[in-house]
Amino acid sequence: MIYDVIIIWAGAAWLFAWINLDKNLNKLILEKNDKPWIKVLLSWGERANVSNIDIDVERDYFWQNKKALISIFKRFNQWDIQSFFAENWVNIVEEDRWRLILESWDSSELLDLLVKKLKENNCELKINSDVKKIKPHPNPLLWEEREQWKLFDIICDDWKIHKAKNIIVSSGWKSFFQVWTTGEWYNFAKDLWIKIISPHKALCGLTAKKDFKELSGSSMNLWLKLVDNKKIIYEEFWPLLFTHFWISWPIVFNTANVLWEYLNGIWIFSEEEKIKYILNNIKVELNIDKEKATKKIVKFFEKELENDEKIEFWLQDWRSWKEAKATWWWININELDKNMQSKKYCWLYFIWEVVDVTWKTWWFNLQWAWSSAYVCWKSIK
């Protein structure tokens, strides 16, 4: 059987793409695990995160071609996803920092809706199907023939071959080891000669040269500045958590992403060069209100607070892959057209975390899932 569309790996984006594809198309989902909804629920969280009402693409998303992102978000944005759920009798409410979540605080409500629509749209799902290779036919590198061919072989670990006219790759990142994500698509992209960005941890903690063992578990609201020598790269006010030799929580996750983008922006690309530059040049400055700080924090920074000195310390590295909330790598967005289709391989699409786009915390990731999925399924006939 030749499928009209095959989606590789389950995730929030593929659910949204799948339920909106033409009902008359033959559709198949290949999921490597036996529980395809685990990653979806992990993305949404227990309280069913949906999006953010205050989105500025140039401020809230990272990496190179932000003009491409602006175009995608113009076609489907946070207002559109709210309308979609409203039309399906799912109530969305706004929380702190403009987060949009389900009024019921129950992510199963959202999942039930999407799974119901999935079944209504005649979608076939195969679990325990680990994709090992994608092979296009005939040779799409022959430019004069690229519009004539429209068939892929998808080879799974049991050597079963599925044939498809269109492929959507929506997941396969390297973070979140607890749901068996190992970054397989990195190798697939290399096999297809698609330009990829080297992998890196996104939305993770930062290690410091300073020992915070006495403060481990302490947190407070404060101003954080990321500084390259005397140049302020980034600053934000938010709660910060101290833990042994590193700092954590959303303010730090955002700072970690800023630091990665900044180092690439000044042409420092290799991991070794980045670490060396961080050790010699990058520090964090904290502005702590001692009237609102805990006794433990005041005591730890007693000297600086008494003398009105800057509280600063040098950074060392990003935390491990096991702690990363997202992956920063994959397909260079410049390799894709406005519909998330490969410029090299017609009818091969990449959405959501497979593309080299990352974001700040507070559910900007989910809006990218909805938006990238939308422009993809709108182009598939």
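Just checking, which of S270, S248 is touching a Cys at 6+ places or on another chain (Cβ under 9 Å) and either of a type in the set (V, I, T) or at negative phi (or both)?
Numbers: S270 fails: touching a Cys at 6+ places or on another chain (Cβ under 9 Å).
Testing whether each residue is touching a Cys at 6+ places or on another chain (Cβ under 9 Å) and either of a type in the set (V, I, T) or at negative phi (or both) leaves just S248.
Tell me, yes or no, whether the range 82-96 has at least one residue that is out of contact with any Asp or Glu (no Cβ under 9 Å at 6 or more places or on another chain), surrounded by 14 or more Cβ atoms within 10 Å (Cβ to Cβ), touching a residue at least 24 places away in the same chain (Cβ under 8 Å) and closer than 30 Å to D153 by Cβ.
So far as the range 82-96 goes, no, none of its residues is out of contact with any Asp or Glu (no Cβ under 9 Å at 6 or more places or on another chain), surrounded by 14 or more Cβ atoms within 10 Å (Cβ to Cβ), touching a residue at least 24 places away in the same chain (Cβ under 8 Å) and closer than 30 Å to D153 by Cβ.
When W362 is evaluated against the numbered criteria (1) modelled with pLDDT under 85; (2) assigned to a helix (DSSP H, G or I), which criterion, by number, is the only one it fails?
Tallying (1) modelled with pLDDT under 85; (2) assigned to a helix (DSSP H, G or I), W362 fails exactly one: (2).
Going by what's in this entry, would K296 be described as over 14 Å from V252 (Cα atoms), assigned by TED's automatic domain parsing to the domain that holds T255, in contact (Cβ under 8 Å) with a residue 24 or more places away in the chain and loosely packed, with under 12 Cβ neighbours inside 10 Å? Don't jump to the end; show me each part of the working.
Values: over 14 Å from V252 (Cα atoms): yes; assigned by TED's automatic domain parsing to the domain that holds T255: yes; in contact (Cβ under 8 Å) with a residue 24 or more places away in the chain: yes; loosely packed, with under 12 Cβ neighbours inside 10 Å: no.
No, not satisfied.
Out of Y262, Y277, which single residue is free of Cβ contacts under 8 Å to residues at least 24 places away in the same chain and either buried (at least 17 other Cβ atoms within 10 Å of the Cβ) or out of contact with any Lys or Arg (no Cβ under 9 Å at 6 or more places or on another chain) (or both)?
Working: Y262 fails: free of Cβ contacts under 8 Å to residues at least 24 places away in the same chain.
The conditions single out Y277.
Is it true that I232 is under 12 Å from T207 (Cα atoms) and modelled with pLDDT of 90 or more? Show your work before the answer.
Numbers: under 12 Å from T207 (Cα atoms): no; modelled with pLDDT of 90 or more: yes.
In short, no.
Could you tell me which of the residues L286, L348, L315, L336 is modelled with pLDDT of 90 or more, over 29 Å from D54 (Cβ atoms) and either touching a Lys or Arg at 6+ places or on another chain (Cβ under 9 Å) or crowded, with 19+ Cβ neighbours inside 10 Å (or both)?
Numbers: L286 fails: over 29 Å from D54 (Cβ atoms); L315 fails: over 29 Å from D54 (Cβ atoms); L336 fails: over 29 Å from D54 (Cβ atoms).
Just one listed residue meets the conditions, L348.
Name the residue that is modelled with the lowest pLDDT, counting only residues in the range 1-34 that are under 14 Å from S129 (Cβ atoms) and part of a loop (DSSP other than H, G, I, E, B). Please lay out each step first, then the result.
So in the range 1-34, the residues under 14 Å from S129 (Cβ atoms) come out as 3, 6-10, 14, 28-34.
Imposing the further condition that a residue be part of a loop (DSSP other than H, G, I, E, B) reduces the set to 9-10, 31-34.
Working: W9: 75, A10: 66, E31: 83, K32: 80, N33: 77, D34: 76.
Checked the range 1-34; the qualifying residue modelled with the lowest pLDDT is A10.
Would you be able to say whether some residue in the range 304-314 is within 29 Å of A202 (Cα to Cα), touching a Leu at 6+ places or on another chain (Cβ under 7 Å) and without any contact (Cβ under 8 Å) to a residue 24 or more places away in the chain?
Among the residues of the range 304-314, not one is within 29 Å of A202 (Cα to Cα), touching a Leu at 6+ places or on another chain (Cβ under 7 Å) and without any contact (Cβ under 8 Å) to a residue 24 or more places away in the chain, which makes the answer no.
Provide a single number: the residues in the range 185-242 that are part of a strand (DSSP E or B) and of a type in the set (G, A, S).
Within the range 185-242, the first condition is being part of a strand (DSSP E or B), and the residues that meet it are 196-202, 206-212, 219-228, 231-242.
If we keep only those that are of a type in the set (G, A, S) too, we end up with 198, 202, 208, 219.
Residues that pass the stated criteria total 4.
Against the condition buried (at least 16 other Cβ atoms within 10 Å of the Cβ), more than 23 Å from K32 (Cα to Cα), modelled with pLDDT of 85 or more and in contact with a Lys or Arg (Cβ under 7 Å, 6 or more places away or on another chain), how does I101 come out, does it pass? Spell out how you get there, then give the answer.
Working: buried (at least 16 other Cβ atoms within 10 Å of the Cβ): yes; more than 23 Å from K32 (Cα to Cα): yes; modelled with pLDDT of 85 or more: yes; in contact with a Lys or Arg (Cβ under 7 Å, 6 or more places away or on another chain): yes.
Yes: the conditions hold for I101.
Give the range 283-303 a look and list any residue that's in a helix (DSSP H, G or I) and within 26 Å of W318 (Cα to Cα), or say none. Full working, then the answer.
Looking only at the range 283-303, we keep the residues that are in a helix (DSSP H, G or I), and these are 295-300, 302-303.
The answer is K296, I297, F300.
Residues are listed down the side, and each one gets a yes or a no for (1) of a type in the set (A, V, I, L, M, F, W, C); (2) closer than 17 Å to T361 by Cβ; (3) modelled with pLDDT under 95; (4) assigned by TED's automatic domain parsing to the domain that holds F364:
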position: N254; (1), (2), (3), (4): no, yes, yes, no
position: G265; (1), (2), (3), (4): no, no, yes, no
position: I268; (1), (2), (3), (4): yes, no, yes, no
position: E306; (1), (2), (3), (4): no, no, yes, no
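The values are calculated or read from the model by the stated rules, or taken from the named source; none is laboratory data. All of these numbers come straight from a predicted model, not from anything done at the bench. Neighbour counts run over all protein chains shown; Cβ positions are idealised from the backbone, glycine included.
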